[in-house]
Amino acid sequence: MLTPMELFVKEMQELFQPDEVYIMNGSQEEADRLIGIAQKSKVDGKVVLTKLNDKEYPNSYYHCSNTNDVARTEHLTFVCTPSKGQAGPNNNWIEPGEAKEKMTEFFKGAMKRRTMYVIPFVMGTFESKYSKNCVQITDSIYVALSMRVMARVGKQVIKRIGSSSDFFKGIHSIGDVNPDRRYIMHFPQENLVMSFGSGYGGNALLGKKCYSLRIASYLGYKEGWLAEHMIIMGVQSPDGKATYFLGAFPSACGKTNLALLEPVLKGYKVWTLGDDIAWINIGEDGQLYAINPEAGFFGVAPGTGLKTNPVMMKTLKNNKFYPTLFTNTAVNNSNNTPWWEGVSDEVPSDLTDWQGQKYDKNSGKPAAHPNSRFTVSIYNCPTLSPECDNPKGVPISGIIFGGRRKDTVPLVCEAKDWNSGVFTASIIGSETTAAASGETGNVRRDPMAMLPFCGYNMGEYFQHWINIGKKLKKPPKIFMVNWFRKDEVGKFMWPGFRDNSRIIKWMIERIEGKTGTKESEIGLFPQDNAIDLNGLNITKETMVKLFKVDKEEWKQEIKMIEEFYAKFGDKIPEDLRNHLAELKIKFGL
Ligand code: SAT
Ligand code: MN
């Protein structure tokens, strides 16, 4: 008798009709062999992987995608729940039967003359009870190799699954990379994702956003935990103690830079645990504990450099464990290294741009795609926390929510209690960036940075957050930050990057009860001079401006919040509606 996993593989083979089926085992031999194949194969007329300069970037490869396939495609992403209401206004919806029919049409025979890779993996460590078993099918060798970096892949998983049918099924084919035949369909009730027509990270590495956020957020809702779009970091203060934080920011808001921060403040150190996704459970002691389900970073290259993120540069250069993949960066032909805006001040003279053309410095266009990426193992990271593989996770003392806002939102603000924090997180807006296709720079509401990733009705998701809070004996403090506020001439007022450690130091002092706060209309502010500005060239006036609560801007903001809340009707928890009503009164509305 076939096990449910074997049966799944057999069904997929019959559907896709590949020439060959290969079940991945996670070994080094396998990595070497697949890389060898990828260096010789072409997809879409392009060689899949090209070896880069091994001295500068050890064990690293270059990949260039189809130019139509460089970011997540939210308009082609669907949550297929039995009723439209279950998916909520935050998701595109198609009836599950119809979605499957459509996808099955695409999938039929799609792997003829191709190899079907079967990837058994766990999200989380092999040892943790919070980890989840998964199997992805794909015909993209680039996806197969990326999954080995981003998740824990191996034979052990097949044992772990055994005769159980309780595992995530991810079905992916790159098809013919045609945007008209591209869909990412989620079936939360069936622990299933079907994806066709894209090889891009969030569309194709199904363990990442598709499973660990959209499907897992629904599992968490059912099972009493949270799957969040958050970094996990420990911040060690001069007394040697580590305080653990979660941080939620929309894509490309400096999340990865924060997770790998080298604080400017003496005696402080950041221990990295994760840069994108956190699974958060309530421990036996009534505290929140977080694990990182992933095993790698899928980071934005542009803007990553020795000044902005020296630890990531070391991570990329000290590659020890797994092949690192660079996707859609430029290539410096003089030394065969990947190049992107921000990695050096000077633009090298002999660059091939991300579309394979000779780069013209005067073109006014970037050489690397703004959403070009690296896929690198977390185990290369020199600041990796020794707690990284702790099956229990790390105890969380603070949650930081942020967005990219040139105005309105202050540098930092603390919520009075858990529910006020949930309210603050639910109203966060951010300017859109290149991580998703579409126009950049517009403000959109992005509660908990989860708008594109919550796999069920966001109104119910807010209620779930409130319910979790009720069960906590020691809830973490909740903070809101905005590193991106600009002055009248459009210049960033806060230096950001390593100086953000100044704000985190203040948060730790708050958590330890060492400093007080000042009330504002929107939450608690630091007392005067409570933020350590030692060695920073910033004027008092700028600090005042960074905390300005402008009545007119907030009236506008409240309008946008009301419009957003209105979409969810009575699904918005009463407590949040009360918070909004209070806020309106404060601003005379
Ligand atoms: O969706 S990805 O994970 O590929 C990139 C992002 O938006 O964070
Ligand atoms: Mn992300």
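Considering helices alone, the calculated mean residue ellipticity of the chain at 222 nm is -7500 deg cm²/dmol, with DSSP H runs of length four and up weighted by -39500 (n - 2.57) and normalised per residue.
Each label was represented as a point 7 Å from its Cα along the Cα-to-Cβ direction; for VAL47 and SER344 these points are 2.2 nm apart. The apolar share of the surface of the stretch 297-380, taken as the fraction of accessible area on carbon and sulfur atoms (1.4 Å probe, ligands and nucleic acids excluded), comes to 50 percent.
The angle separating the long axis of helix 501-511 from the principal Cα axis of greatest extent in the chain is about 70 degrees. Normalised by the number of residues in the chain, the average gap of Cα pairs under 8 Å and 6 or more apart makes the relative contact order 15 percent. How tilted is helix 141-150 with respect to the longest principal axis of the chain? Cα atoms for both, answer in degrees (0 to 90, nearest 10). With rounding to tens, the tilt is 40 degrees.
With a cut-off of 9 Å between beta carbons, the residues surrounding GLY201 carry a summed charge of +4, where Lys and Arg count +1 and Asp and Glu -1. Peptides 22-32, 60-70, 314-324 ranked from most to least packed, by the mean per-residue count of other Cβ atoms within 10 Å: 60-70, 314-324, 22-32. Each Lys and Arg Cβ is given +1 and each Asp and Glu Cβ -1; about its Cα centre, the chain then shows a dipole of about 500 debye.
When the Cα centres of the stretch 522-589 and the stretch 139-167 are compared, how far apart do they sit, in Å? Cα centroid to Cα centroid, the span is 44 Å.
If the segment from LYS307 to THR515 were pulled out straight at 0.36 nm per residue, it would be longer than the present Cα-Cα gap by 71.8 nm. If you plug the beta carbon distance of GLN556 and VAL489 into 1/(1 + (r/R0)^6) with R0 = 30 Å, you get a FRET efficiency near 0.90. Ranked by the mean number of other Cβ atoms within 10 Å per residue, highest first, peptides 368-380, 562-574 order as 368-380, 562-574. In this view, the solvent-accessible surface of THR539, computed with a 1.4 Å probe and all protein chains in place, comes to about 70 Å².
Placing a label point 7 Å from the Cα of PHE547 along the Cα-to-Cβ direction, no residue of the stretch 247-290 has a backbone N closer than 11 Å.
A Förster radius of 56 Å, combined with the Cβ-Cβ distance separating SER83 from LYS55, puts the computed FRET efficiency at roughly 0.45. With the whole protein complex present, GLU557 retains an accessible surface near 10 Å², based on a 1.4 Å probe.
Please list the three semi-axes, largest first and in whole Å, of the ellipsoid equivalent to the stretch 297-380, using sqrt of 5 times the eigenvalues of its alpha carbon gyration tensor.
So the equivalent ellipsoid measures 22, 13, 11 Å along its semi-axes.
A Förster distance of 25 Å, applied to the separation of the beta-carbon atoms of ASN362 and ILE538, puts the FRET efficiency at 0.10. Distance from the Cα centroid of the stretch 231-288 to that of the stretch 82-113 is 36 Å (rounded to whole angstrom).
Hey, for a label at THR67 modelled as a point 7 Å past Cα toward Cβ, could you say which residues of the stretch 172-198 have their backbone N under 18 Å away? Of the residues in the stretch 172-198, 177-180 have backbone N under 18 Å from the label point off THR67. Of the residues ILE468, LEU583, LEU258, the one whose Cα sits farthest towards the positive end of the charge dipole of the chain is LEU258 (charges of +1 on Lys and Arg Cβ, -1 on Asp and Glu Cβ, taken about the Cα centre).
Computed over protein heavy atoms with a 1.4 Å probe, the accessible surface of the chain works out to 39 Å² per residue. Between LYS222 and ASN442, the contour length at 0.36 nm per residue exceeds the alpha carbon distance by 75.8 nm. Extension gain, TYR379 to ASP180, is 67.8 nm, computed as 0.36 nm per intervening residue step minus the present C-alpha separation. Computed over the stretch 290-332, the P(r) tail beyond 14 angstrom holds 58 percent of alpha carbon pairs.
Note on HIS75 and GLU574: the model spin-label points, each 7 Å out from Cα along the C-beta direction, lie 4.1 nm apart.
Ranked from largest, the principal axis spans of the Cα set of the stretch 174-307 equal 55, 41, 20 Å. Pick out, from ASN371, SER334, MET313, the residue whose Cα sits farthest towards the positive end of the charge dipole of the stretch 297-380, with +1 on the Cβ of Lys and Arg and -1 on the Cβ of Asp and Glu. Looking along the dipole axis, the top candidate is MET313. Pairs of Lys residues in the stretch 297-380 are counted when their Cα atoms are under 28 angstrom apart and they lie 8 or more places apart or on different chains; the count is 10. Counting only alpha carbon atoms, the long axis of helix 96-107 and the longest principal axis of the chain meet at about 50°. Within the chain, the ratio Rg/Rh, alpha carbon atoms throughout and Rh by Kirkwood, equals 0.95.
Here is the list for the stretch 254-304: trypsin sites (Lys or Arg not before Pro) lying in DSSP coil, each with at most 15 other C-beta atoms within 10 angstrom of its C-beta, are LYS266.
Report P(r) for the stretch 108-232: all Cα-Cα distances, bin width 5 Å, range 0 to the bin holding the largest distance, values in whole percent. Percent of Cα pairs in each bin: 2, 11, 22, 24, 20, 13, 5, 2, 0. Of interest is the spacing of the C-alpha centroids, which for the stretch 448-510 and the stretch 1-28 amounts to 42 Å.
The values are calculated or read from the model by the stated rules, or taken from the named source; none is laboratory data. These figures come from a predicted structure and were not determined experimentally. For neighbour counting, all protein chains shown are included, and Cβ atoms are generated from backbone atoms with ideal geometry for every residue, glycine included. Surface areas here come from the heavy atoms of the whole protein model, side chains and all, with no ligands, DNA or RNA. Shrake-Rupley method; radii C 1.70, N 1.55, O 1.52, S 1.80 Å.
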